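Okay, so here's the structure we're looking at.
The values are calculated or read from the model by the stated rules, or taken from the named source; none is laboratory data. Values in this document were obtained by computation on a predicted structure and should not be read as measured data. Reconstructed Cβ throughout: ideal geometry from the backbone, glycine too, with neighbour counts over all protein chains shown. Ligands, DNA and RNA are excluded from the accessible area calculation, which covers all protein heavy atoms including side chains. Shrake-Rupley method; radii C 1.70, N 1.55, O 1.52, S 1.80 Å.
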Amino acid sequence: MAHDVHIIGGGLAGSEAAWQLARRGVKVRLSEMRGSGEMTPAHQTDGLAELVCSNSFRSDDDTKNAVGLLHHEMRELDSIVMRAGEVARVPAGSAMAVDRDVFSAEVERTLSEHPNVTIVRERVDALPDSGLTIVATGPLTAQTLAESIVGATGEDRLAFFDAIAPIVHRDSIDMSKCWIQSRWNKRTEASNENGDYINCPMTKEQYLAFHQGLLDGEKTEFKDWEKDTPYFDGCMPIEVMAARGVETLRYGPMKGVGLDNPYDTTEEHPQGRWPYAVVQLRQDNKLGTLWNMVGFQTKLKYGAQIELFRTIPGLENAEFARLGGLHRNTFVNSPKVLDRQLRLKAAPHIRFAGQVTGCEGYVESAAIGLVTGMMTASELAGRDWRPLPSTTALGALLSHITGDADAETFQPMNVNFGLFPPLHEVKKKQRKEAYTSRAKADLKAWITEANEAVPA
C-alpha cells in the first residue's frame, strides 16, 4: 500500500501517531525493527506499544493530578493508548495500571485491522531525504539511526539511564508476613477487596541492614562512554537513592505512613501500627499472578538482587518473573533542534514524537505521539495548525519540549502543574482543581474551534 506518512518506531508514540493519522484518512507505513530479527536491550517481545519498565500509567485523577488530566485530554481526542488501557486495566487504586501483554495485543490488533495502516517489520538506518516522516523510535533508538539524527541536527545526542523494576510471582509471596492495603485505604471501583498493594513491612533493624545491602551489592559496571550519563529522577535506581542518605528511601518508595500492619497491633493502634519501612508490590497483570516491586528500579547484578530482595519479609522464597535491569536512553535537544510543531528545523519534512523528544513517561510519550499525528494530518489537509492552549496538559508539555525549556540544561520531563501558566489569584489549596478545570474548558473550546472533535 502506498503511504502518505512514514512512521519509524512502533512504541507508544508511534502507535498513537499512526492511529491519529489513520482515523483521519491518512495512509501510514509503520516501521518497527522488533520482529525483523532486531531487538533492543530492554524489550522482551516484538509487540507494538510494549511497556518496558512499569505497567502503570500513574494517577487517573483528572481533578487534582497533572497526569490524570493528561489521561482525560487524550480520551477526549480518542487516544488508542487510553482505549487499549481500559481493555487491559488491572486494579491499582487511584492509578491506572494495565496487563502489559493484553495492552500491547490490543494496540497491535486495532492498528493491524485498520485499512489505512501497514505495519512493516524492518530496521530503518537513516532519516529519509523526503516524504512526511515521524521519528518515534523512543529512548532506545538504534545506533545507526541515532548517528543519522546527530548528523541531521548538528547536535550530539543527550542520554540518561533508565532502570527497570523486578516482577515477582504472586504465589511465591508469604502472605503470613504481608498484607494487602492501599495507602490511607484509598481505593476505586476497580480496586481489589482490601486494597491494591501487597505490603512487606520492615523493622528499623531490617531496614538498616537492607539499606546497607543496597550500598554494598554488586552493581552493573559502566562502560567509559556511560560514566557521565545522568539519571532521570523519576526512574532513579533504588541503590542510587539509598546512597543519598539512610533516610531517603523511608521518605520515598519505602515510606510506611498510611499503612496499618495487622501483624503489629496495640491498644493504641488496634488496626495495626505503621511499619518503620515497607516494600510495596503492585499487580502487574489481569490474572494477578505477577506483581512488580514499586519504586525498585535497580542496577544491581542479578545474583545480588535475588540475595538482597529475599531478605525482605514475605519475599524470602520469592520467584522472579523478571529481575531489574539498566539501559541507556537517548533523546534529542528538542528546544534547540525542533520547531513548535515538532519538525526538525534542518529537515522540516521530519517530525519527532515520544520519549526521543525528551518527554518522560508512558502517557507523556503517547501524548506527544498523538499531537504529532494530528499536526501531520493537518499539514496534509492544507490547514494551518491551531496550537493547543498552554493551559492544557497537552499544550503545556508540548510548549516545554519545543522551546519553553532551557536548551542548555534540557532534561526529560513528566507532565506537571509547574509547566502550566500560573494561577496566582487562586489559593494554593485550590490551585490543582483550578488548573484542571481551566484546562478542560480550554481544551473543549479548542476542539470546537479547531474542528478536532472525535468522530462518531
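Okay, here's what the table says:
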| quantity | calculated |
| --- | --- |
| Residue list for region 350-362, restricted to those being under 10 Å from the mean Cα position of the chain (by Cα) and over 14 Å from Val52 (Cβ atoms) | Cys359 |
| Unmet requirement for Leu127, which otherwise passes all of (1) open to solvent by less than 30 Å² (accessible area, probe 1.4 Å); (2) more than 22 Å from Ile350 (Cβ to Cβ) | (2) |
| Cβ pairs under 6 Å, 6+ apart, first in region 97-110 and closer than 20 Å to Asp61 by Cα, second in a helix (DSSP H, G or I) | Val98/Gly85 |
| Near pairs, Cβ below 6 angstrom, 6+ apart or cross-chain, from region 430-447 (under 14 Å from Pro387 (Cα atoms) and without any contact (Cβ under 8 Å) to a residue 60 or more places away in the chain) to any residue that is open to solvent by less than 40 Å² (accessible area, probe 1.4 Å) and not small (Gly, Ala, Ser) | Asp442/Pro389; Asp442/Thr391; Asp442/Thr392 |
| Test: residue in region 382-396 that is out of contact with any strand residue (DSSP E or B) (no Cβ under 6 Å at 6 or more places or on another chain), among the acidic types (Asp, Glu) and assigned to a loop (DSSP other than H, G, I, E, B) | yes |
| When residues of region 441-456 are limited to those that are open to solvent by 70 Å² or more (accessible area, probe 1.4 Å) and assigned to a helix (DSSP H, G or I), the one modelled with the highest pLDDT | Lys444 |
| Qualifying residue in region 305-327 (condition: in contact (Cβ under 8 Å) with a residue 40 or more places away in the chain, within 17 Å of Val150 (Cα to Cα) and not β-branched (Val, Ile, Thr)) | no |
| Residue in region 218-241 that is in contact (Cβ under 8 Å) with a residue 12 or more places away in the chain, assigned to a helix (DSSP H, G or I) and touching a His at 6+ places or on another chain (Cβ under 7 Å) present | no |
| Cross-chain or 6+ apart pairs with Cβ under 8 Å, region 381-392 first and loosely packed, with under 15 Cβ neighbours inside 10 Å, then modelled with pLDDT of 95 or more and among the aliphatic types (A, V, I, L, M) | none |
| Members of region 148-166 that are at pLDDT 80 or above and either assigned to a helix (DSSP H, G or I) or closer than 21 Å to Gln341 by Cα (or both) | Ser148, Ile149, Val150, Gly151, Ala152, Thr153, Gly154 |
| Enumeration of residues in region 322-343 that are within 18 Å of Ser365 (Cβ to Cβ), in a strand (DSSP E or B) and hydrophobic (A, V, I, L, M, F, W, C) | Phe331, Leu338 |
| Test for Met254: is it open to solvent by less than 40 Å² (accessible area, probe 1.4 Å), without any contact (Cβ under 8 Å) to a residue 60 or more places away in the chain, of a type in the set (A, V, I, L, M) and closer than 17 Å to Gln206 by Cβ | yes |
| Checklist (1) touching a strand residue (DSSP E or B) at 6+ places or on another chain (Cβ under 7 Å); (2) more than 22 Å from Gln297 (Cβ to Cβ); (3) open to solvent by 10 Å² or more (accessible area, probe 1.4 Å); (4) at pLDDT 95 or above applied to Arg75, failing item | (1) |
| The lone exception for Val135 - which of (1) open to solvent by less than 10 Å² (accessible area, probe 1.4 Å); (2) under 14 Å from Gly358 (Cα atoms); (3) hydrophobic (A, V, I, L, M, F, W, C); (4) modelled with pLDDT under 95 it fails | (4) |
| Residue among Ala84, Ala92 that is without any contact (Cβ under 8 Å) to a residue 40 or more places away in the chain, crowded, with 22+ Cβ neighbours inside 10 Å and within 27 Å of Thr392 (Cα to Cα) | Ala84 |
| Output for region 119-147, where each listed residue is among the basic types (Lys, Arg) and in a strand (DSSP E or B) | Arg121 |
| Some residue of region 347-362 being touching a Gly at 6+ places or on another chain (Cβ under 9 Å), surrounded by fewer than 18 Cβ atoms within 10 Å (Cβ to Cβ), part of a loop (DSSP other than H, G, I, E, B) and among the small types (Gly, Ala, Ser) | no |
| Failed criterion for Asn261 (all others in (1) within 24 Å of the chain's Cα centre (by Cα); (2) open to solvent by less than 20 Å² (accessible area, probe 1.4 Å); (3) over 23 Å from Gly361 (Cα atoms) hold) | (1) |
| Filtered residues of region 147-202 (kept if open to solvent by 10 Å² or more (accessible area, probe 1.4 Å), among the aromatic types (Phe, Trp, Tyr) and under 25 Å from Val52 (Cα atoms)) | Tyr197 |
| Tally of residues being assigned to a loop (DSSP other than H, G, I, E, B) and either of a type in the set (A, V, I, L, M, F, W, C) or farther than 22 Å from Leu215 by Cα (or both) across region 279-313 | 9 |
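Yes/no per residue for (1) open to solvent by 20 Å² or more (accessible area, probe 1.4 Å); (2) at pLDDT 95 or above; (3) more than 19 Å from Phe352 (Cβ to Cβ):
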residue: Met1; (1), (2), (3): yes, no, yes
residue: Val5; (1), (2), (3): no, yes, no
residue: Ala17; (1), (2), (3): no, yes, no
residue: Val26; (1), (2), (3): no, yes, no
residue: Met39; (1), (2), (3): yes, no, yes
residue: Ala42; (1), (2), (3): no, no, yes
residue: Gly47; (1), (2), (3): no, no, yes
residue: Leu51; (1), (2), (3): no, no, yes
residue: Ser54; (1), (2), (3): yes, no, yes
